[in-house]
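The values are calculated or read from the model by the stated rules, or taken from the named source; none is laboratory data. These figures come from a predicted structure and were not determined experimentally. Counting neighbours? That spans all protein chains shown, and the Cβs are built from the backbone with ideal geometry, glycine included.
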Amino acid sequence: MTELLLLTIILECLALWLLGERTPLFYLYWIAVTTATNLSANLYIVYAFGGSDIEYYITVAIIELLVFAVEFAFCYIYTSQRKKSLIYSAVCNGASFVIGSLIQSIIFT
């Protein structure tokens with residue numbers, strides 16, 4: 001799980017950099033928020049989830065929406081900019097979700 005968290009942090013920081021973010025303090029803030037949401041989401045899926053395949057995908061979709069909402073809110077608290085917060089949250093979560101899904105499909109197929 002640690003490797004996946006580290007990969008998520010690297011991907012999301014790269015996405016922020018590609019979006020033009022250059023404030024070192026914001027990166028630390030984003031890493032803290034991402035770590036909290038990532039660990040919470042993955043711990044729930046690993047230890048609390050016990051449903052079928054379709055329930056798993058529905059649960060993952062709901063968790064991803066919740067992670068997006070939480071990260072958007074925390075980004076907005078930091079930046080006070082809705083559009084920037086929306087873009088950062090969408091791009092970072094989209095990138096880490098897509099890459100994570102690809103890795104999961106390669107490993108577990």
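What to note about this one:
- None of 37, 23, 8 is touching a residue at least 60 places away in the same chain (Cβ under 8 Å) and closer than 20 Å to residue 86 by Cα except 8.
- Count of the range 60-97 residues which are over 15 Å from the mean Cα position of the chain (by Cα) and of a type outside the set (D, E, K, R): 6
- Test: residue 100 is within 13 Å of the chain's Cα centre (by Cα) and modelled with pLDDT under 95: yes
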